[in-house]
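**Student:** I'd like to ask some things about the structure below.
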Amino acid sequence: MDSRVLRRALLIVTLFVVTIFIVILGMNGYLGSKGKSGATAITAKEEEAADKDGRIKGSDLNAWKYDETFFDPKLIGDGKYENMSAEGNAAPDMPDKSIALSASSVEKDIRIRIMDSSGEPVKGQFFIVLIGGTEYKDEDRDGLIYVNNLTPGDYEVKLAAMEGYDVPSEPIKCSVKAKLEYKVISDISYLIKTEADIDALKEDTGENDAGDSSAGTDAVRNEENAKFGIDVSKYNKEIDWNAVKESGVQFAIIRCGYRGSQSGSIIEDPYFRANIEGATAAGIPVGVYFFTQAINAVEAVEEASAVLSLTSKYKLDYPIFIDTEGAGGAGRADNLDVAARSLIVEGFCETIRNSGGKAGIYASKNWFNNRLDITKFNDSDVIWLAEYADSPSYGGKYSIWQYSSAGRINGIEGRVDMNISHLNTN
């Protein structure tokens, strides 16, 4: 081979090898601008991927311990992992998706709660419960399922698998009662709603037919061996209970709640706590009442249980009354017959008595005479009569008389119901 050709071939091969070597160095990051220290500069993309110590994120298997973006705050909420140390010693406060079940029976039924770890019903999810192999669905997605008309006996209740939730693997057991026992439902609090949950204009519709509201006197009555008192609810709004006390009021009966006349929900009176605490602080003896719209004895037990739950931390000097009256003609209980309504009223009172409380019945003269069978009531039930007149014409026994709904008392804006009590509360 000609020497000139050989030298040219060697040059071409050498240039090719050098070019390949340069390319390899560039691909591995050994080429580029250098800083004052002479270290090779990293690319902008690499700098973005590196943490403050120069480590490339992803190269360290423990990077999640000190990477603030490892958990997505959009998914778990800000501040959920504040207990995580830089060393990763503390476990993160992971979102709790554990589910628990509770089941109870009043009469031929099962009441099921689907709860989170705090004991609150899990809302917004479509859960399915299996009872004896039959599926029951949480159609309204409120975390509560009610099944009635069951044959008495022992049942297993199991929650079907739900994506995203850790459901119990084992069923729970529940004995379905054959007969109503008029005992307090211990876990009733989950059924008690506030007015923020309902349409109060449609639900709170009680109508008293005690007579002309302008009849009788609206003055404070002082009778021998009797005490003067008032009864109040949310409609009396904010009350100055010290002024009420100074006006001569000797007792107050406070509405603690009502059952919605359309939905049947049990609702706490929004002023109940303020009223009972204010009256008690002012030294005024108190009792409570609940406006019923129960349509059967089971619901009567629910209502009594709800009242006992709401009043559990308060001292009551006067009875717990069931308030039975109309709800404007369209109420769910307006068309009950005398026997059904009387059973409900006495069921409420019996549940209160069985808990150790004092029970009473509030109704108008017309209802005591025509809408209730007073022979079905226990002799210990306290009768609270509503009849607006100068003197009552009701022929039956009573211990408290509501004689006016047009009273005026210092500390209360507008009208207030006035009462005389012959009840011995000592």
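The values are calculated or read from the model by the stated rules, or taken from the named source; none is laboratory data. Small disclaimer: the values here were computed from a predicted structure and weren't measured. Note that each Cβ is placed from the backbone with ideal geometry, even for glycine, and that neighbours are counted across all protein chains shown.
**Student:** Could you count how many residues in the stretch 145-173 are at pLDDT below 90 and of a type in the set (A, V, I, L, M, F, W, C)?
**Tutor:** Total meeting the criteria: 1.
**Student:** Looking at 335, 354 in this structure, which one is more than 14 Å from residue 298 (Cβ to Cβ), within 27 Å of the chain's Cα centre (by Cα) and surrounded by fewer than 24 Cβ atoms within 10 Å (Cβ to Cβ)?
**Tutor:** Unique residue meeting the criteria: 354.
**Student:** Of everything in the stretch 169-205 that's in a loop (DSSP other than H, G, I, E, B), of a type outside the set (A, V, I, L, M, F, W, C) and within 23 Å of the chain's Cα centre (by Cα), which residue is nearest to residue 103 (Cα to Cα)?
**Tutor:** So, considering only residues that are in a loop (DSSP other than H, G, I, E, B), of a type outside the set (A, V, I, L, M, F, W, C) and within 23 Å of the chain's Cα centre (by Cα), the one nearest to residue 103 (Cα to Cα) is 187.
Quick grid of which residues meet (1) in the same structural domain as residue 351 (by TED's automatic domain parsing); (2) of a type in the set (D, E, K, R); (3) under 24 Å from the mean Cα position of the chain (by Cα); (4) surrounded by 13 or more Cβ atoms within 10 Å (Cβ to Cβ):
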| site | (1), (2), (3), (4) |
| --- | --- |
| 117 | no, no, yes, no |
| 120 | no, yes, yes, no |
| 126 | no, no, yes, no |
| 131 | no, no, no, yes |
| 137 | no, yes, yes, no |
| 157 | no, no, yes, yes |
| 163 | no, yes, no, no |
| 167 | no, no, yes, yes |
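**Student:** Could you pull out the residue among 242, 222 that is assigned to a loop (DSSP other than H, G, I, E, B) and not acidic (Asp, Glu)?
**Tutor:** One residue alone meets the criteria, 222.
**Student:** Sort out which residues of the stretch 276-331 are among the aromatic types (Phe, Trp, Tyr) and assigned to a strand (DSSP E or B), and write them in order of number.
**Tutor:** Those that are among the aromatic types (Phe, Trp, Tyr) and assigned to a strand (DSSP E or B): 289, 290, 291, 321.
**Student:** Residue 228: in a strand (DSSP E or B), of a type in the set (Phe, Trp, Tyr) and touching a helix residue (DSSP H, G or I) at 6+ places or on another chain (Cβ under 7 Å), yes or no?
**Tutor:** No.
**Student:** Residue 329: in the same structural domain as residue 404 (by TED's automatic domain parsing), touching a helix residue (DSSP H, G or I) at 6+ places or on another chain (Cβ under 8 Å) and either more than 12 Å from residue 292 (Cβ to Cβ) or polar (S, T, N, Q) (or both), yes or no?
**Tutor:** Here the answer is no, as residue 329 does not meet what is asked.
**Student:** Considering each residue of the stretch 388-426, count those that are charged (D, E, K, R), under 15 Å from residue 363 (Cα atoms) and surrounded by fewer than 17 Cβ atoms within 10 Å (Cβ to Cβ), and give that number.
**Tutor:** 1
**Student:** State the number of residues belonging to the stretch 277-305 that are out of contact with any Leu (no Cβ under 9 Å at 6 or more places or on another chain) and either farther than 24 Å from residue 182 by Cβ or modelled with pLDDT under 95 (or both).
**Tutor:** Number of matching residues: 8.
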